[in-house]
Every structure is written in C-alpha cells, then in structure tokens.
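Below is one structure; the comments refer to it alone.
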Amino acid sequence: MNVSVFGGGAWGRALAFALAEKNDVKIVSRRDISSLLAPLNERLLKQDSKPIMQVSHNEALDSQYFVMAIATSALREWLMSVKLPKEIKILCASKGIESGSGAFVSDIMEEEIWHKNLAYLCGPSFASEVVQSLPCALVIHSRNLALSREFAALMPKFIKAYVSPDVIGGEIAGAYKNVIAIAAGICDGLEFGANAKASLVARGLVEMCRFGEHFGAKMETFLGLSGAGDLFLTSTSTMSRNYRVGLGLAAKKQISEILRELGEVAEGVITARAITEIGEGEDIYTPIAKEISLILDGKSVSESFKKLMS
C-alpha cells in the first residue's frame, strides 16, 4: 500500500520506518530530515524494502492511507491550513489534550474528518526501539473496527496490533500517562525509593481510570496496553521525555530550561494543566495531575510530594 506520514519528529520517522517494511512510504516534514532518514533507508534496502521518501505536502496526498504524527498543540492549526482528500483514512499517533479548550485529539480531528475514517494509535512504544525493529504490541482504536484492521494489516512483523472501539479511553490513557511519567521522574529524582515510586504509579493508574470513566471510557482499556502498558513504560525509563522532565524538575531546573534541553515536545507539560482545568470544571478528583500543574507553575517539588505522600 501507499502510506504518507505527516510529521518528521522521532515518532513520525519511527512509524515511517516500521510501515516501510511492507508498504511504499512518504514522509512530510517542515525541515529537511534526509540525514535522519539515511540510516533508516540503509536498513530498509538491506531487507529488500523501499526507502522512505521525504516529499512535499501536495506530493503526499495521493496515498491510500495516512498517518498523523503531529504535536497535539499544533494539530488544529495544521488541519485548518491544509486541504486533505475528502475520503482520507487517517491513523492518528498524536497524544495529549489541547491547552485552553480542553479538547481531546478526537474532538479536534472530527471537526474536519468523518469519524469513520479515523483511527488512533496507542500503547507502549519508544521510537528509539521501533527503529531497531524490536518487538512491541500496540492498539489501534477506532469507532470503525474495519478501518482499525486495515491499519493493523499495514504493520510490520515486529509490531503486534490489536484493535479496540474505545477511542476516548485510548486517548485519555495516552494523554494522562505523560503526566504520571513526570511525577515518576520527580519521585526518582528526589530519591524517594522504589516503594514510593510503585505507590505513585499505581495511584496514577487509579486516577487515570477515574478520569476516563467520567467520560465513558472502558476499564479494560486502562488495564491493557494503552493504559497500564504505556504508563509503566513512560514512568520507568529515561527514554521517556516526560520522565526526564520530572528528573529536571526534581533538580530544581526551570521548565523552560528543561524543554530547551529536551529539544522535543513533552506533551505531559500541557496535558497536566489541561487535566487539572477539566477536573476542576467537571468535579473529578485528580490530585497527581493537580500537583504536577502546580509544580510547573512554580510550587516547590518537595512540598508537593510531601503532600501527595502524606
């Protein structure tokens, strides 16, 4: 199949590489990423797959399938600025909640595209491991399970793809785990120990479930790959950008400095504030997200964690 990937960041390139095992893949990026694609294409050629081609937006529109790997903060503006095919089939790999509006990714996408043509990718997956072809399992959420299965069929041998109709559950899990990952990084940075870390992550999962159930999500989503799986991954490794944000905050660095050092988007920063605002408006108890939001606004890290653990 012909697949076009929008977004040349680490996750967009990783998905392009994975999909290129079985498909002809194009990628669209605002910057020249030819040097970053070169080692990936070298490996693809060795396994008799076609290389990934960086193309312009217009050159990408003739594909049968599309993958969206654009930061949630830029998603609405991007959708409004481009003219996508009417019958487009999109797998959205963006995670997070829009700042200000509190809109979920599906809310933003469905303003422009029919929901039957949309699917959402979730589950534990570091880009750096995907580009090494290391095995992983993911979930493709969609209200159109036939579309989920179409995208699942595009995946390479090293990715086991499940399908689920619980779109909102997958979205909330994918967004919320980034906030808990920041908290986990702070916990480790403060050297509170394994007991505290396990307690924090477990309580984070409960908090995530409570938030999701309020919006009609299914509990099984939070206990599976999209929820617990992704949460455990991002809360335990320095490969997680959000976990590294937490380490930086524990070291008393300013958030602006941390993000500058990362050089990439850490969705949990925006999501923590969005969840806190939604929680207050909908009367949902979100203590961890609230404390992370307060820390990002300048509250003492040690003071916040003493409150959480008291």
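The values are calculated or read from the model by the stated rules, or taken from the named source; none is laboratory data. All figures in this text were calculated on a predicted structure; none of them were measured in a lab. Reconstructed Cβ throughout: ideal geometry from the backbone, glycine too, with neighbour counts over all protein chains shown.
On the given criteria, is Ile295 among the β-branched types (Val, Ile, Thr) and surrounded by 18 or more Cβ atoms within 10 Å (Cβ to Cβ)? For Ile295, the condition - among the β-branched types (Val, Ile, Thr) and surrounded by 18 or more Cβ atoms within 10 Å (Cβ to Cβ) - is met.
Can you confirm whether the range 210-223 contains a residue that is among the hydrophobic types (A, V, I, L, M, F, W, C), touching a Ser or Thr at 6+ places or on another chain (Cβ under 8 Å), in contact (Cβ under 8 Å) with a residue 24 or more places away in the chain and not assigned by TED's automatic domain parsing to the domain that holds Ser106?
Pass one, the range 210-223, residues among the hydrophobic types (A, V, I, L, M, F, W, C): 211, 215, 217, 219, 222-223.
This time we only want the ones that are touching a Ser or Thr at 6+ places or on another chain (Cβ under 8 Å), so: 211.
Within this subset, residues satisfying the condition of being in contact (Cβ under 8 Å) with a residue 24 or more places away in the chain are 211.
Subset that is not assigned by TED's automatic domain parsing to the domain that holds Ser106: 211.
The answer is yes; a qualifying residue exists.
Being closer than 24 Å to Ser73 by Cβ, of a type in the set (Gly, Ala, Ser) and in contact with a strand residue (DSSP E or B) (Cβ under 6 Å, 6 or more places away or on another chain) holds for only one residue in Ala266, Ala289, Ala274, and it is Ala274.
Here's the yes/no breakdown for (1) under 17 Å from Ile97 (Cβ atoms); (2) touching a residue at least 40 places away in the same chain (Cβ under 8 Å):
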| residue | (1), (2) |
| --- | --- |
| Leu247 | no, yes |
| Ala250 | no, yes |
| Val265 | yes, yes |
| Ile275 | yes, yes |
| Gly298 | no, no |
| Val301 | no, yes |
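Here the condition is being under 25 Å from Ile159 (Cα atoms), assigned by TED's automatic domain parsing to the domain that holds Phe6 and of a type in the set (D, E, K, R); of Lys95, Lys83, it holds for Lys95 alone.
Given the criteria buried (at least 24 other Cβ atoms within 10 Å of the Cβ), outside any loop (DSSP other than H, G, I, E, B) and modelled with pLDDT under 95, does Ala181 qualify?
Values: buried (at least 24 other Cβ atoms within 10 Å of the Cβ): yes; outside any loop (DSSP other than H, G, I, E, B): yes; modelled with pLDDT under 95: no.
Answer is no for this residue.
I want to confirm something. Restricting to the range 62-98 and keeping residues that are over 19 Å from the mean Cα position of the chain (by Cα) and small (Gly, Ala, Ser), which single residue is modelled with the highest pLDDT? By that ranking, first place goes to Ser63. Total residues in the range 111-132 satisfying the condition of being modelled with pLDDT under 95, in a helix (DSSP H, G or I) and touching a strand residue (DSSP E or B) at 6+ places or on another chain (Cβ under 7 Å): the figure is 0.
Only one of the listed residues (Ile97, Ile70) is surrounded by 19 or more Cβ atoms within 10 Å (Cβ to Cβ), touching a Gly at 6+ places or on another chain (Cβ under 6 Å) and closer than 19 Å to Gly7 by Cβ. That residue is Ile70.
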